[in-house]
1. Separation of segment 286-316 and segment 264-283 by C-alpha centroid, Å?
2. From the C-alpha coordinates alone, can you work out the Kirkwood hydrodynamic radius of segment 137-180, in Å?
3. Just the accessible area per residue of segment 33-91, please: how many Å² with a 1.4 Å probe?
4. Once you've got the GNM for the chain with C-alpha springs shorter than 10 Å, pick whichever of Glu202, Glu59, Glu135 has the biggest mean-square fluctuation.
5. Take the solvent-accessible surface of the protein heavy atoms, probe 1.4 Å, and return the percent of it on the chain that carbon and sulfur atoms account for.
6. In whole Å, what is the distance between the alpha-carbon centres of segment 45-84 and segment 212-232?
7. Of the listed pairs Lys25/Lys170; Lys66/Lys177; Lys170/Lys271; Lys6/Lys111; Lys111/Lys170; Lys6/Lys271, which have alpha-carbon separations greater than 26 Å here?
8. Considering only segment 115-256, what is the antiparallel percent among its DSSP beta bridges, to the nearest 5?
Amino acid sequence: MSSQLKIAVVPGDGIGNEVVPEGLKVLEAAGARFDIDFTFEHFDWSCERYAKTGAMMPEDGIDTLKAFDSIFLGAVGFPGVPDHVSLWGLLIPIRREMDQYVNLRPVRLLKGITSPLAGRDESDIDFFVVRENVEGEYSAIGGRMYEGTPAEMVMQQSTFTRRGTDRILKFAFELAKTRPAAHVTSATKSNGIMHTMPYWDECFAAMAGNYPGIKTDQYHIDILTANFVLHPDWFDVVVGSNLFGDILSDLGPAVAGTIGIAPSANINPEKTAPSMFEPVHGSAPDIAGKGIANPIGQIWSASMMLDHHGHPEAGRAIIEAIEAVLGEPSLHTPDMGGKATTTQLGSAIADAVRG
Ligand code: GGG
């Protein structure tokens with residue numbers, strides 16, 4: 001019997017409109033091969049919509065999305081709308097209202113891609129960034145006073161709850177249990193940030209006590225970023241707060257060749273609401289409309305969506321197709337040093353999935 005998946009498609013802004021169709025093409029190919037019947041419903045929620053209506057999505061947007069199995073998102077943000085307005089009008093409310101508290105971001109040097117780090121191959125760069133996705137430094141608590149005067153001041157409040165911290169740490173340890181290296185690294189900054197980060201460290205130590213078989217270490221975020229470049233082979237599962245996880249998951253894929261390939265899954269592990277799958281990259285206004293964006297981040301996110309819905313064989317077939325196609329340099333987009341277009345690369349991966 002075929003499996004059915006109802007997917008809300010939100011291409012969003014800029015290159016989101018170019019890479020999402022390639023992701024859908026590959027999903028259709030995987031669906032045909034693995035007997036998965038997709039229904040895609042498209043939503044034009046974006047900065048363009050904001051410019052026309054004053055809102056990134058309609059008032060009942062979250063309720064609308066709750067009727068779907070998953071959300072397939074492109075990119076959010078475009079010049080003309082302040083970035084905090086577009087993000088807090090679409091991406092962040094979805095993550096929070098759907099309780100997508102895990103942002104899982106694999107970092108792998110894929111066969112066929114050259115790392116900017118000399119002498120590194122696939123065996124050196126293969127880890128996950130587990131980013132806390134609904135609290136931490138991404139907070140609406142704060143404000144501005146005495147605006148426009150010499151006394152002007154602004155405050156921004158981070159929040160770290162016991163529940164929020166424990167559940168993301170637990171996810172990271174459970175993930176490490178499934179991996180041969182079985183190793184969790186914590187991103188901290190408890191020397192300079194004197195309340196939240198020592199708390200994070202305490203929670204990490206307590207959680208580690210529940211997992212005696214898992215190797216652990218922790219680094220302040222400054223030296224951790226240096227070690228991503230100098231020693232990417234040290235890492236297996238790296239867990240961090242919302243902001244630290246965001247920064248690390250741009251740096252990781254850059255070390256693995258290009259941020260254009262990086263996928264992410266905003267996961268509600270309990271499946272009480274839909275999860276959302278999106279590339280790590282943003283809308284890239286500098287190349288939007290040129291047809292040269294790398295669609296692999298979007299396509300790999302589609303693979304994560306299939307894993308989430310219990311189709312690991314289909315998810316794996318997409319990864320194998322990506323790796324097979326990357327073996328052909330004429331299909332590399334400019335960010336990988338080639339001349340291929342978004343559509344050429346996406347179509348080649350869809351063909352490879354079909355087999
Ligand atoms: N692919 C979604 C997107 O546009 N990401 C860019 C971005 O800046 N996201 C903010 C975040 O992940 O916190």
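The values are calculated or read from the model by the stated rules, or taken from the named source; none is laboratory data. Not measured: the values here are computed from a predicted model. When we count neighbours, we look across all protein chains shown, and the Cβ atoms used for this are built from the backbone with ideal geometry, even at glycine. What goes into the accessible areas is simple: the full protein's heavy atoms, side chains included, and nothing from ligands, DNA or RNA. Shrake-Rupley method; radii C 1.70, N 1.55, O 1.52, S 1.80 Å.
1. If we compute the Cα centre of each part, the gap is 12 Å.
2. On the way: mean 1/r = 0.0741 Å⁻¹.
That comes to 13.5 Å for segment 137-180.
3. Numbers: 3080 Å² over 59 residues.
Here the residues of segment 33-91 average 52 Å² of exposed surface.
4. Result: Glu59 has the largest fluctuation of those listed.
5. On the way: 8160 of 15080 Å².
The computed percentage sits at 54.
6. Segment 45-84 and segment 212-232 have Cα centres spaced 35 Å from each other.
7. Values: Lys25/Lys170 35 Å; Lys66/Lys177 31 Å; Lys170/Lys271 16 Å; Lys6/Lys111 32 Å; Lys111/Lys170 31 Å; Lys6/Lys271 15 Å.
Pairs exceeding 26 Å: Lys25/Lys170; Lys66/Lys177; Lys6/Lys111; Lys111/Lys170.
8. Values: 5 of 18 bridges.
Within segment 115-256, antiparallel bridges account for around 30 percent of the total.
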